[in-house]
1. 5 Å is the cut-off here: which amide hydrogens, built 1.01 Å from N in the peptide plane, fall below it relative to residue 278, excluding neighbours closer than 5 in sequence?
2. Taking 0.36 nm per residue of separation and subtracting the Cα-Cα distance, what length does fully extending residue 65 through residue 401 add?
3. Only loop residues by DSSP count here, and only those with at most 13 other Cβ atoms within 10 Å; note down the chymotrypsin sites (Phe, Trp or Tyr not before Pro) in region 527-600 that meet that.
4. Length gain on complete extension for the stretch residue 633 to residue 367, per 0.36 nm per residue less the alpha carbon to alpha carbon distance?
5. If the reach is capped at under 25 angstrom between alpha carbons, list the lysines near residue 497, excluding any in the same chain fewer than eight residues apart.
6. Any chance you could run the full-extension gain for residue 240 through residue 489? It's 0.36 nm times the residue separation minus the Cα-Cα distance, nm to one decimal.
7. Between 585, 617, 637, whose Cα lies farthest towards the positive end of the dipole of region 583-638 when Lys and Arg beta carbons carry +1 and Asp and Glu beta carbons carry -1, centred on the Cα centre?
8. Can you pull out the trypsin sites (Lys or Arg not before Pro) in region 570-639 that DSSP calls coil and that have at most 12 other Cβ atoms within 10 Å?
Amino acid sequence: MIHVGLPKSFWAEAVNTACFTQNRSLIHRIHKKTPYEMLKDRKPDVSFFHVFGCICYILNQRDPRSKFEPKADKGIFVGYSSISKAFRVFHVNRQCVEESIHVKFDEESYTDEKVSHSPSIFQELLSCPFDESPCAEEKSDSTDPIIPVPCSLSQDIAATSADNPLDANDSIEAEDSPETNNVSVSIPPESASVIVHRDHPVDRIIGNIHDGVRTRSSVLNNFCMYVNFVSMILPDKVHTALQDADWIKAMQEELNEFERHKVWTLIPIPSGKTITGTRWVYRNKVDKDGIITRNKARLVAQGFTQIESIDYGETFAPVTRIEAIRLFLAYASYMNFIVYQMDVKTTFLHGVLEEEVFLNQPPGFVDKDHPDYVYRLDKAVYGLKQAPRAWYETLTSYLLENGYRRGAINNTLFIKGKGSDMVLVQIYVDDIIFGSPNETLSKEFAEIMSKRFEMSMMGKMTFFLGLEVQQQKTGISICQSKYISDLLVKYSLSDCKPASTPVSKTDKLHADPTGTDVNHSLYRGMIGSLLYLTASRPDIMFGTILCARFQANPKESHLMAVKRIFRYLKGTQNLALWYPRDSAFELYGYTDSDYAGCNLDKKSISGGCHFLGNRLISWSSKKQTSVAISTAEAEYVAA
């Protein structure tokens, strides 16, 4: 509106047009589709898009014109019709918005910088004389719908206020008279006559009585127009975020959490101390379908400026392995108890610091009375080197105080009780899964955590660390079907032909020095995605490890081998691990090896797996470290 010099009265038209165009042009980062395509299941046509507020000419089908008179009237393009393929044009002479398909557009005038910064064009258009009678009262032979402009629109156009894009000192001039006319013209609202049936009183009518009949089609169009009026562009700098009320609110919520947890204290700058900088990180929180639910602003410390042994000491914090998660689920299926999950809000803000750390005030939120002060941290914040360890020590101390004991091998596993009265707790930074054959003990653990920390109780475990978990009466299944679907979309392989095996039986991979080079980043990204997928898919482990050997200098043949794995995943997307309930809990291990299977150095490749009853909990495939001189030696090394 500022670019074309339109007054604020056109705000509603600008919003509608913005919604209309964004729903057909913005690409969803996860689904790789526009909102229109997600709703209609077809790609939108954007060939009819035009610049909002540009000069246009609408065919005059109302007034009789001679052969030498113009057939069209000047107007301003303000949007698209929601009920037809017509354009919405503000008719200057009639001072109303018309919908018509007979419109010619003049968008080249905006390419000239002098024109775009001059209000003379719209002064000329909006200064034309017009009749005070509304458009609807004029005789018309056209079937195009006419929408009268509200009274405030005409007043804003004619008014000479300081914030009007037009020159406030210029008066409205008539085309047929050089004299100045200072009369402010306004169109009184038309008093519509309302006819209500005697069996339907006015007080029982829901909504605006002046609105027309709304059909299902029009409701769907309105939904399509307003469903995605949310910015999907993340601010990269704080001054950009400070121009958006939603991001300001998100930053204020983050600072309120700091105050509520008593994280810091504002003090004068101490002498001889290192001051760590701060910055804002912005993210959009999405649900399982990829729809944005809220804006999240995170204040982080610039930990790279910290000095070891002065600003921080120990930084190690244990993290559970994926095998431990599968073992936890296998035991849950054997003991027949439900696994629950929860996470801790503002995790690192609970960690107590042992060192003195000082932070600069957050950008954009500097104390006006003490702009030179800094914050002394009493608790950890995101970005500090010691923040993960501080949180782990705080959580561990609290669990030990409440009677839990730490696992002898897995330091992220906590146990309380024995047998059917035992509670198992597995933590992964701020994500926690827990369960017990006794449901009462599970509820007690949730209450204990809620007393000390602010928890987000998610209920029954369904999605954890990228694993989709389904808990049934007969057992537990683990898969990553949604992740596979996202990968196929990411690498444009959604329509690929499925393969029956992940690796070709005939084609052997080698260095291929004369092959065609491929994008290193693309190849490594695909390998990394497949490695993450092996958390629930042991059938692709060998092929993924085989292709991973050529990341330093990938060729076209190697890329085709990687794509074959994706083609195999296309056909086996819903394949899952199954942990049956009615199976024993005895450990079995299997191992095997080939002989000189690697073409590069003739080393053998070992493979192995471990079962708890019929539950597969771990597997591996890797090249041996030494060259075996016989098949027997290769088997011994693998064992």
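Laboratory data are not the source of any read-out in this text; all were calculated from the coordinates shown. If you're wondering where the values come from, they're calculated on a predicted model, not measured in any experiment. FYI the Cβ positions are ideal-geometry reconstructions off the backbone, even for glycines, and counts take in every protein chain you see.
1. 302, 360
2. Length gained, residue 65 through residue 401: 111.7 nm.
3. Qualifying residues, ordered by number: 585.
4. 88.6 nm
5. 32, 33, 43, 482, 505, 508, 555, 563, 570
6. Gain on extension, residue 240 to residue 489, equals 86.5 nm.
7. It is 617.
8. Filter output for region 570-639: 602.
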